[in-house]
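Encoded as structure tokens, the structure appears first; notes follow it.
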Amino acid sequence: MVQRADLIDRIWERDSTTWTGADEARWLGWLDEPRRMRERVPELSAFAEEIAADGIDTVVLLGMGGSSLAPEVLRRTFGAGSFHVLDTTHPAAIRALEASLDLDRTLFVSASKSGSTLETRSHTDYFWEKTGKRGAAFAAVTDPGSDLQRLAEERGFRHVFHGEPTIGGRYSALSAFGIVPAALMGIDVDRLLADAERMADDCRLDEGNPGFELGRQFGAGWHEGRDKICIRETRGGFGLWAEQLIAESTGKQGKGLIPAPGESPDGADRQDAAPQIDEPYALGAEFFRWEFAVAVAGAYLAINPFDQPDVQAAKDKTNEVLATGKEPEVEPEGSVAELLARAENHDYVCVQAFVEPCADNDARIAGLVQALRDRTGLVVTHGYGPRYLHSTGQLHKGGPNIGLFLQVVDDPGEELAIPGKPFGFRRLIRAQAAGDFASLKERGRRVARIHMEEV
């Protein structure tokens, strides 16, 4: 039985035995990050003013997963129309973004904790060539000493912002990875962080602790078989960020909470989860509340919420496919009917769309999701690839074997070269689709692949 006061105290004492007694204590820097980042507000404000003074009025964030999802939710929540997040390798999406930009008035922010993220480095090299190799057109957010830091210094990037090494990617919303982009959107980051700091104080309380109460709900519900977390929709798409936090933190050792943004909470295997964002700046506090809640839920599940042992699998498979030098094999395999015939009551369906993220495809995927929901009565989740590989991919491979995975692919169009690579973005996204499909099959997951024309 998890004891409230004891659990709260042990989290703040950085006691790794709160979870599994492994290396959890190394990854708790997020507990103090709102306060630390407030000390950096003058640096961030000065940089944003410098950018504006130089006539730069558009920012493109090049990042994946923990480096892109919080900025995307901030962008949507605050309506930052001149801020773009590029977290796809689809050639059509990259071409469309490039066509919309005035490169002389654009700042590219390369964001990667490790500094070696394949997608981010490929995007960076692509736009490095397109901008005429102008260091002033680039900034980086990365952990100290990373490959990206070295690259930024070699190329003379305008600025390098260091992340906090004791924070994992999915817990980095209130670190430099979320707050540097927020400052470049014109958000009052001191106000955003002040709300987060107040929430951090509330999450120390024995009674009336908002983070503990949410985490206890998640954990106790999981023990009762209610493992689908139905996150209510918000204007800014909060669930897009929360699903990585939940899935990557809890989906391992055959256990896991299944985040399901926008799904109905009505069902024996479901929980209702309502983000409390009555105005945009409440997002800072909500980021922290959910981070604390998922740490609490990890104690209920008896897992390490800060590692991601199965994320590398799809990356390795992708590299194997690319290493052959051949066109990746992504022909249809199986069918929707055959996949759904294998469904059981406690399952969920997951649509994995390796297609161009655009309004038309958003609508088509939404239609597919609704059809699958109506047909099965199950929770249906969905995500664009390769984005979801850095978000919910850990759950798909390391969590419980209750997923029915439907991969959707399209024709990415003509190849788009990646400078310095023997492959381009077309082959890369197809290799990522092939690699993840193979990884799921290796783990005995139920999978099928269809072409977008069938949707």
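Some observations on this one:
- Some residue of the stretch 196-218 being more than 30 Å from Ser110 (Cβ to Cβ), crowded, with 24+ Cβ neighbours inside 10 Å, in contact (Cβ under 8 Å) with a residue 12 or more places away in the chain and charged (D, E, K, R): no
- Within the stretch 269-303, the set of residues being within 30 Å of Phe437 (Cα to Cα) and open to solvent by 10 Å² or more (accessible area, probe 1.4 Å) comprises Asp269, Arg270, Ala302.
- The set of residues in the stretch 90-149 being farther than 24 Å from Asn319 by Cα, assigned to a helix (DSSP H, G or I) and of a type in the set (Gly, Ala, Ser) consists of Ala96, Ala99, Ser100, Gly135, Ala136, Ala137.
- Total residues in the stretch 85-95, condition open to solvent by 10 Å² or more (accessible area, probe 1.4 Å) and closer than 17 Å to Ala140 by Cβ: 2
Residues are listed down the side, and each one gets a yes or a no for (1) touching a helix residue (DSSP H, G or I) at 6+ places or on another chain (Cβ under 7 Å); (2) within 17 Å of Lys228 (Cα to Cα); (3) β-branched (Val, Ile, Thr):
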site: Gly367; (1), (2), (3): no, no, no
site: Tyr388; (1), (2), (3): no, no, no
site: Leu395; (1), (2), (3): yes, yes, no
site: Asp436; (1), (2), (3): yes, no, no
site: Leu440; (1), (2), (3): yes, no, no
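- Checking each residue in the stretch 60-76 for being more than 17 Å from Ser175 (Cα to Cα) and open to solvent by less than 10 Å² (accessible area, probe 1.4 Å) picks out only Val60.
- Number of the condition not met by Gly55 [criteria: (1) within 29 Å of Asp307 (Cα to Cα); (2) of a type outside the set (D, E, K, R); (3) open to solvent by less than 50 Å² (accessible area, probe 1.4 Å)]: (1)
- The C-beta contact set for the stretch 26-37 (first residue outside any helix (DSSP H, G or I), second residue of a type outside the set (A, V, I, L, M, F, W, C), distance under 6 angstrom, 6+ apart or interchain) comprises Leu28/Arg14.
- As for the stretch 229-242, it holds no residue that is part of a helix (DSSP H, G or I), more than 25 Å from Pro386 (Cβ to Cβ), hydrophobic (A, V, I, L, M, F, W, C) and within 23 Å of the chain's Cα centre (by Cα).
- Residues in the stretch 117-139 that are under 18 Å from the mean Cα position of the chain (by Cα), of a type outside the set (S, T, N, Q) and closer than 19 Å to His84 by Cβ: Glu119, Arg121, His123.
- One residue stands out among those in the stretch 304-316 that are open to solvent by 30 Å² or more (accessible area, probe 1.4 Å) and in a helix (DSSP H, G or I): the one that is farthest from Thr250 (Cα to Cα), which is Asp316.
- Within the stretch 183-207, the set of residues being under 14 Å from Tyr281 (Cα atoms), assigned to a helix (DSSP H, G or I), hydrophobic (A, V, I, L, M, F, W, C) and touching a Phe, Trp or Tyr at 6+ places or on another chain (Cβ under 8 Å) comprises Ala183, Leu192, Ala196, Met199.
- Test: residue in the stretch 43-62 that is within 18 Å of Ala137 (Cβ to Cβ), in a loop (DSSP other than H, G, I, E, B), acidic (Asp, Glu) and in contact (Cβ under 8 Å) with a residue 60 or more places away in the chain: yes
- Where helices (runs of 4 or more DSSP H) sit wholly within the stretch 341-455, those with at least 3 residues that are open to solvent by 20 Å² or more (accessible area, probe 1.4 Å) and under 30 Å from Ala268 (Cα atoms) occupy 359-376.
- Selection within the stretch 317-338 - surrounded by fewer than 20 Cβ atoms within 10 Å (Cβ to Cβ) and within 17 Å of Lys421 (Cα to Cα): Asn319, Glu320, Ala323, Thr324, Gly325, Lys326, Glu327
- Any hit, the stretch 25-37, residues being in contact with a Gly (Cβ under 6 Å, 6 or more places away or on another chain), buried (at least 17 other Cβ atoms within 10 Å of the Cβ) and either at pLDDT 95 or above or of a type in the set (Phe, Trp, Tyr) (or both): yes
- Scanning the stretch 3-24 for residues that are open to solvent by 50 Å² or more (accessible area, probe 1.4 Å), free of Cβ contacts under 8 Å to residues at least 40 places away in the same chain and under 22 Å from Pro309 (Cβ atoms) yields a total of 2.
The values are calculated or read from the model by the stated rules, or taken from the named source; none is laboratory data. Only a predicted model underlies this, so the values are computations on that prediction, with no experimental measurement involved. Positions of Cβ are backbone-derived with ideal geometry, glycine not excepted, and every protein chain shown enters the neighbour counts. Side chains included, ligands, DNA and RNA excluded: accessible areas come from the protein's heavy atoms. Shrake-Rupley method; radii C 1.70, N 1.55, O 1.52, S 1.80 Å.
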